[in-house]
1. Any residue in segment A:204-214 that is closer than 27 Å to A:GLU113 by Cβ, at pLDDT 85 or above and aliphatic (A, V, I, L, M)?
2. Output the residue which, of all residues in segment A:53-71 that are of a type in the set (Gly, Ala, Ser) and assigned to a helix (DSSP H, G or I), is surrounded by the fewest Cβ atoms within 10 Å (Cβ to Cβ).
3. So is A:PHE227 among the hydrophobic types (A, V, I, L, M, F, W, C), over 19 Å from the mean Cα position of the chain (by Cα) and at pLDDT 90 or above or not?
4. With the requirement that a residue be crowded, with 17+ Cβ neighbours inside 10 Å and out of contact with any strand residue (DSSP E or B) (no Cβ under 7 Å at 6 or more places or on another chain), what does segment A:146-178 give you?
5. If a residue must be within 22 Å of B:ARG91 (Cα to Cα) and within 14 Å of another protein chain (Cβ to nearest Cβ), how many such residues does segment B:23-42 contain?
6. Within segment A:133-148, is there a residue that is within 16 Å of DNA strand C (Cβ to nearest atom) and closer than 23 Å to B:ALA118 by Cα?
7. Restricting segment B:33-52 to residues that are surrounded by fewer than 17 Cβ atoms within 10 Å (Cβ to Cβ) and within 12 Å of DNA strand C (Cβ to nearest atom), which is modelled with the lowest pLDDT?
8. Do the conditions hold for B:PRO138, that is, is it in contact with a strand residue (DSSP E or B) (Cβ under 8 Å, 6 or more places away or on another chain) and under 21 Å from B:VAL87 (Cβ atoms)?
2 protein chains.
Amino acid sequence: MGYEMNDLAESRSPSSSVGDYLKAVWELAVTSGGAASTKDVAARLSISPASVSNMFARLQEMGLVRYERYRGATLTERGRKEALRLVRRHRLIETFLLEHLGYDWQEVHEEAERLEHAVSDGFTERLAELLGHPDHDPHGDPIPSAEGTLEADDSFPLSQAATGQRVRISKVRDEDAAMLDYFGDRNLVPGRWLTVREVRTVDGVVIVEDEEAEVYALGEPLARSMFVRSETSDLGEGN
Amino acid sequence: MGYEMNDLAESRSPSSSVGDYLKAVWELAVTSGGAASTKDVAARLSISPASVSNMFARLQEMGLVRYERYRGATLTERGRKEALRLVRRHRLIETFLLEHLGYDWQEVHEEAERLEHAVSDGFTERLAELLGHPDHDPHGDPIPSAEGTLEADDSFPLSQAATGQRVRISKVRDEDAAMLDYFGDRNLVPGRWLTVREVRTVDGVVIVEDEEAEVYALGEPLARSMFVRSETSDLGEGN
DNA sequence: TCTTGAATTTAGCCTCACCTAATCTTATAT
DNA sequence: ATATAAGATTAGGTGAGGCTAAATTCAAGA
């Protein structure tokens, strides 16, 4: 008789956990450049390094990463496409949760993480439609296109800004809920302009002033979590 | 060190496939009454009867079903609650897909089936909010309350209606896409009133007339897929 | 009552995606 | 140049949830 084993391979993505690996490798490549180590990926996914070694080998089989023992993994073109597909889903879902379902920043990440494995491409594109095809999510992160291209990112952490510089908030790191809250409460959100009053090298505190002449002193962790752009540069497609 | 094994047991439902079994048992109980056989559940889930036997034993361990060898399984109170929780999710998600995302009837079921395992209770309730706390989905099926109660269902297939009876469409079976389309195209949807002109016993054809005096002849399969109510009876909470 | 076929269960396997413990490699510091 | 520690890999499990094939049980008709 046969119970229709694993024949859904077509329309379904690589098994859901494969996507988690690809996304982790992609994120690490973006922030640290170069190959992703088993240790870092393991940390990001809260699993053991040993499991990552195994999976890297399998991902290589599948043609999704280039992997050299003891050297870490980098995404192949196919792997990158797949990762970006997941990132697109994730960011669109986050946008929906925040804008239509009244989630706040803390709750969003976890829910999106689960949902992105369950939704189809069709769902994703209809959601994009409903949201008006946004090109950035509410954190300010760019949303990859359905074709797998992603706006180049020329932002840098506020901690690296120069005194006197006029900058625009482009995004805030969404790892730490408390920071998100802090920023959210003060309406320090993507899109706002700030003037850098002082960057104190001794303790890493950055003093900024917003357009209503409100002044904020941000400690180093906060200053590293807020990303800014110094001028409007709009285009560029890159990996 | 420890990699945070399975400690999410709290907020997560019983493993996703457990939910599939419970829903299958529940649906079979609703339509056929009595205990669900391994064979029927196996057919519904497209797995082997042997697997169902195993799982029934485990579900019993977990206190979700009452199971007697060779006798099938029935839901315990906890099992029923859990099943209804899934059904609620499913029907709310279907409603959302149809009303906000422009899905048509065919596509909805499959997508909802996957999503219902990924969403949290929090998501479900916010979605209910967004949808205006509907008590029926677009097929006309009642949506269980968050507390696990479900409106009693006094509808019957059109094929069992009597000549001359005035009835209201309560729901249409969502198994067959072609039928859904047929009904959808003619706007024969839940809520509409019909008058039964004739029930032909010889071939099972039912002739009905809608409020615009439009007349339809529905063959037996269609007449068995359309459920109707003969009067407005509104309340009742039952399993 | 007996036979027989359908439904069910049992027994024994398999794959996935994890784990731990033990064994390499590699890079770094003396 | 070498010792050592950090990081990576291998070897050998585990549990969930499937499967097939071979019993077993039940129910129904002769």
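1. From segment A:204-214, those closer than 27 Å to A:GLU113 by Cβ are none; that's our starting set.
Within segment A:204-214, none of the residues are closer than 27 Å to A:GLU113 by Cβ, at pLDDT 85 or above and aliphatic (A, V, I, L, M).
2. First, pick out the residues of segment A:53-71 that are of a type in the set (Gly, Ala, Ser): A:53, A:57, A:63.
Then keep just the ones that are assigned to a helix (DSSP H, G or I); that gives A:53, A:57.
Details: A:SER53: 16, A:ALA57: 13.
Filtering first and then ranking leaves A:ALA57.
3. On the way: among the hydrophobic types (A, V, I, L, M, F, W, C): yes; over 19 Å from the mean Cα position of the chain (by Cα): no; at pLDDT 90 or above: yes.
Judged against the criteria, A:PHE227 is not a match.
4. Across segment A:146-178, the qualifying residues are A:GLY148, A:ARG173, A:ASP174.
5. Within segment B:23-42, residues that are within 22 Å of B:ARG91 (Cα to Cα) and within 14 Å of another protein chain (Cβ to nearest Cβ) number 1.
6. Step one: of segment A:133-148, the residues within 16 Å of DNA strand C (Cβ to nearest atom) are none.
No, the conditions are met nowhere in segment A:133-148.
7. At the first step, the residues of segment B:33-52 found to be surrounded by fewer than 17 Cβ atoms within 10 Å (Cβ to Cβ) are B:33-34, B:39, B:43, B:46, B:48-51.
Adding the requirement that they be within 12 Å of DNA strand C (Cβ to nearest atom) leaves B:34, B:39, B:43, B:48-51.
Working: B:GLY34: 89, B:LYS39: 97, B:ALA43: 96, B:SER48: 97, B:PRO49: 98, B:ALA50: 97, B:SER51: 98.
Of everything passing the filter in segment B:33-52, B:GLY34 is modelled with the lowest pLDDT.
8. Numbers: in contact with a strand residue (DSSP E or B) (Cβ under 8 Å, 6 or more places away or on another chain): no; under 21 Å from B:VAL87 (Cβ atoms): yes.
No; evaluated as a whole, the condition is false for this residue.
The values are calculated or read from the model by the stated rules, or taken from the named source; none is laboratory data. Just so we're clear, the structure is a prediction, and the values are computed from it rather than from any experiment. All Cβ positions, even for glycine, are placed from backbone atoms using ideal geometry, and neighbour counts span all protein chains on display.
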